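To start, the structure itself, in structure tokens.
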Amino acid sequence: MNLAVQKSEARALGERLLDRIGNTPLLRMERIAADLHGVQILGKAEWFNPGGSVKDRAASTIVRNAQRSGALHGRSLLDSTSGNTGIAYAMLGAALKFPVTLCMPTNVSPERKQILHAYGANIIWTDPAEGSDGAIRKAQELAAAQPARYLYVDQYSNDANWRAHYEGTANEIWRETEGRITHFVATLGTSGTFVGTARRLKELNPKIECISLQPDSPFHGLEGLKHMATAIVPKIYDPTLAARDLGISTEAAYDMVRRMAREEGLLLGISSGAALVGCMTVAKELAQKNREAVIVTIFPDSGDKYLSERFWTE
């Protein structure tokens, strides 16, 4: 057989799973914004990442840094999570062969629990009444007690979190909108998505208005989001990047998720619904002023992890 043919046959085909992280599609909202003349609403469909959420971006950057430094060698990666970052870590651990231990509230959706079990992650359940803060405290406790066993990567304080969006998400948005983006709207959890993306977009065009969103109450059903006034504030959070901060109600997010499924054919997760509620608030204000705008948001995940929730039929 010809040597060139042998080499061609030996060459690996297809793509590596982890090469699919990032470069997610930017979807245009057709019907929901139809009456808002001159205003476009676009959303990054982050469920196209292999782990199914925007958290693949930060998790992969955090893991890459830990592996390069050698800090992960011989230890289990440890972090607190409300679900999506944990799923991303678990996927990466399975693919790259390192153990993963996660602290998370017991009230996360059954779908998230099943996914984490499928990937083989070790889960330490925490009090749902304490929310994500309780999971953070448990992770801190474990890391302090057994530093040789656990590498606590702490997504809430890890600069690799926001840098993943500074280097990736923001530049994708700039390219996909041909530099026409006027407003960036995103929810706050760890705050990494908002901080990294807003920071880079403001460098590309200081006129871009960046608007953060958070639950309007300490007691809410917006899984993964933080009410900053009453929660442990992430060290990476930079409130100065936001021109405005809007409170979003759980009920409004649920209503939007149902509406998007039936009007746009998009099955969105709860935080994605919250993001769209914020976008619509901003869009209506701009339309009333007869201002043209290109509003971009992040859809952190799809609705497939929440199908067991009652709000779909309420």
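Within the stretch 63-70, does at least one residue satisfy the condition of being under 30 Å from R310 (Cβ atoms) and either open to solvent by less than 20 Å² (accessible area, probe 1.4 Å) or touching a Lys or Arg at 6+ places or on another chain (Cβ under 6 Å) (or both)? Explain how you work it out, then say what you get.
Narrowing the stretch 63-70 to residues under 30 Å from R310 (Cβ atoms): none.
No, the stretch 63-70 contains no residue that is under 30 Å from R310 (Cβ atoms) and either open to solvent by less than 20 Å² (accessible area, probe 1.4 Å) or touching a Lys or Arg at 6+ places or on another chain (Cβ under 6 Å) (or both).
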(message) Are there strands (runs of 3 or more DSSP E) fully within the stretch 173-253 with at least 2 residues that are modelled with pLDDT of 95 or more, β-branched (V, I, T) and out of contact with any Pro (no Cβ under 8 Å at 6 or more places or on another chain)? List them.
(response) none
(request) Give the stretch 1-21 a look and list any residue that's open to solvent by less than 100 Å² (accessible area, probe 1.4 Å) and at pLDDT 85 or above, or say none. (result) A12, G14, L17, L18, D19, I21
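Filter the stretch 126-149 down to the residues that are under 26 Å from V195 (Cβ atoms) and open to solvent by less than 70 Å² (accessible area, probe 1.4 Å) and list them by number. Give the steps one after another, and end with the answer.
So in the stretch 126-149, the residues under 26 Å from V195 (Cβ atoms) come out as 126, 130-140, 143.
Correct list: T126, G131, S132, D133, G134, A135, I136, K138, A139, A143.
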(message) For the condition polar (S, T, N, Q), modelled with pLDDT under 95 and under 25 Å from T169 (Cβ atoms), what is the one hit in S53, S60, S69, S82?
(response) S82
(message) Just to verify a result, which residue in the stretch 100-122, among those that are without any contact (Cβ under 8 Å) to a residue 24 or more places away in the chain and open to solvent by less than 80 Å² (accessible area, probe 1.4 Å), is farthest from M228 (Cα to Cα)?
(response) K113
(request) Filter the stretch 243-285 for residues that are in contact with a Ser or Thr (Cβ under 7 Å, 6 or more places away or on another chain) and surrounded by fewer than 21 Cβ atoms within 10 Å (Cβ to Cβ) and give the result. (result) D245, L246, L267
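State whether the residues of the stretch 290-311 include one that is polar (S, T, N, Q) and assigned to a helix (DSSP H, G or I). Working first, answer last.
Here is the first cut: in the stretch 290-311, the ones polar (S, T, N, Q) are 290, 297, 302, 308.
Still in the running and assigned to a helix (DSSP H, G or I): none.
No - not one qualifying residue is present in the stretch 290-311.
The values are calculated or read from the model by the stated rules, or taken from the named source; none is laboratory data. All values reported here derive from a predicted model rather than from experimental measurement. So basically every Cβ, Gly included, is an ideal-geometry build from the backbone, and we count neighbours across all protein chains shown. Side chains included, ligands, DNA and RNA excluded: accessible areas come from the protein's heavy atoms. Shrake-Rupley method; radii C 1.70, N 1.55, O 1.52, S 1.80 Å.
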